[in-house]
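Bear in mind that the values in this text are calculations on the coordinates, not laboratory data. The model shown is predicted, which means the values in this text are computed figures rather than measured ones. Using ideal geometry, Cβ is built from the backbone for each residue, glycine included, and neighbour counts are taken over all protein chains shown.
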Amino acid sequence: MKISLRILFCSIAISSSLASAAPLDALLSADEYHIANEFHAEVGLDAMNDMLDVFKMRDSSPLYTGSKVGDYSGLHLRLGYALTNRLSLDSSLWQRNITYRNDIEKLYSWQFAGQYSLYGDENSTSHFALRLSAWGDQSGPLTKSTPTTFGGRTVSSLSINSPVDSQRQIDAIGTWRLSETTSLSAFASSGSSEVSIDGVSAKYTSSNGCNYILAFTSRETSGHLATPCNASGAVLTAFSTSESVLNGFSYKAHYYQLGGMLKWQTQNWTLKGGYQYQRLQRANVDELIASVGGGVYQLNHIVVAEVKRKVSKHADVFVRGQAMSNQFVGEIPFVYNRVTASKFSSRYGFATLGVMVKF
């Protein structure tokens, strides 16, 4: 079962579904008109486990059958406010929990955006809009508490310290109303991305039985005794080398994406189906991966489907599903690096149950 956290922790055993696009870009639309001063909000519970994986989005492996490896749980909050009939602002916060063996990693995502309608109103059949956004992801130390190999050593545990990514993005969006109930949207986007970490730390037992705390930075590898050691022979209390194994963990990237959405809407029901294609150009890291014969993944396909039902004048309930051809490479850029890249060939997805309100 190759899943998102396994990607993050693979090989260094930092293994871990959307570095290229902000969450839910597949559902972008240019005809979501609001009355000035209108406020809207969405609260959703996100999850993936064996019971929800009815379409087998997670690749199966006998090694993880029956385990919770790859389970995903979280929640998100999206808020929007219309400054005028044409200009609206929105923001979102996501909290994600991903399970890998005995470790449950917590990741956080954020987004701020503004969208302006260039053409069209409630009576138009054609609509065009521009959207500007900033978004990113971050986490505390991502820790694997089982043995793994990193930097030429087998370590008993390993942590990536303060991984973070940030993106800036512009979208051009068009929507055409095909009938009273049906509309078609298309979008083209471009953006830039930056990924960084503070370093990597690990616990290591040497051949003579001494325990060390190791620290890996972009400039050196260092270590010091974790506890006093009475092993025979010379015992190093500390050491440092100019060796760096972190090339390809911090990098910049540019990307573009294309996609569209088909929406069917009646008085009480709304159905949406969106598709998103992403293409990335990363500086340094992909060349480094390719130079040692590794697999490079520079694109992703994302499909989002949503069913929404009006339950009152101001509230709707919805169910949403998201599927990705290359796991979270499109939503959590910092999980992709020189060590984990080979595992992004696997697909992944999750489901959401939520409520939308509008005032």
- Item | Cβ-based exposure ranking for V319, V304, V335, in which fewest neighbours within 10 Å come first | V319, V304, V335
- Given H placed 1.01 Å from N in the peptide plane, which residues other than close sequence neighbours of L118 have an amide H under 5 Å from its amide H? F128, A129, L130
- About its Cα centre, region 271-346 carries a charge dipole, from +1 on Lys and Arg Cβ atoms and -1 on Asp and Glu Cβ atoms, whose size in debye to the nearest 20 is 440
- Note on the structure: With 0.36 nm assigned to each residue of separation and the Cα-Cα distance removed, L236 to T217 gains 4.8 nm
- Query: Working out 0.36 nm times the residue gap between E243 and Y256, then minus their Cα-Cα distance, what length gain in nm do you get to one decimal?
  - Reply: 1.2 nm
- Note on the structure: Once normalised by the length of region 72-175, the mean sequence separation of its alpha carbon contacts under 8 Å that are 6 or more apart gives a contact order in percent of 21
- Mind listing the phi-derived Karplus ³J(HN,Hα) values for region 35-41, rounded to whole Hz, using 6.51, -1.76 and 1.60 with θ = phi - 60°, and x for any glycine or proline? 6, 3, 6, 6, 10, 9, 9
- Task: Determine, from the Cβ-Cβ distance of Q265 and Q95 and an R0 of 22 Å, the FRET efficiency 1/(1 + (r/R0)^6), rounded to the nearest 0.05.
- Result: 0.15
- How high is the relative contact order of region 299-343, in percent, with contacts defined as C-alpha pairs under 8 Å that are six or more residues apart? 36
- D_trans [Stokes-Einstein, Kirkwood Rh over alpha-carbon pairs] for region 185-335, 37 °C, 0.692 mPa s, µm² s⁻¹: 164
- Gained length - A186 relative to L87, 0.36 nm times residue gap less alpha-carbon distance: 33.7 nm
- Message: Loop only by DSSP, 11 or fewer other Cβ within 10 Å of the Cβ. Give me the trypsin sites (Lys or Arg not before Pro) in region 263-354 that pass, ordered by residue number.
- Response: K313
- Query: Where does the chain land at 222 nm, in deg cm²/dmol rounded to the nearest 500, when only DSSP H runs of n ≥ 4 count, each adding -39500 (n - 2.57), divided by all residues?
  - Reply: -1000 deg cm²/dmol
- Hey, how much of the P(r) for the chain falls beyond 33 Å, as a percent of Cα pairs? 34
- Task: Taking the Cα centre of the chain as origin, work out the dipole magnitude from +1 charges on Lys and Arg Cβ and -1 charges on Asp and Glu Cβ, in debye rounded to 20.
- Result: 540
- Message: Report the number of Lys pairs in region 163-310 whose alpha-carbons are under 25 Å apart, with separation of 8 or more residues or on distinct chains.
- Response: 5
- Item | For region 173-284: relative contact order, % (alpha-carbon pairs under 8 angstrom, 6 or more apart) | 27
- Message: I need E180, E194 ordered by Cβ neighbour count within 10 Å, fewest first.
- Response: E180, E194
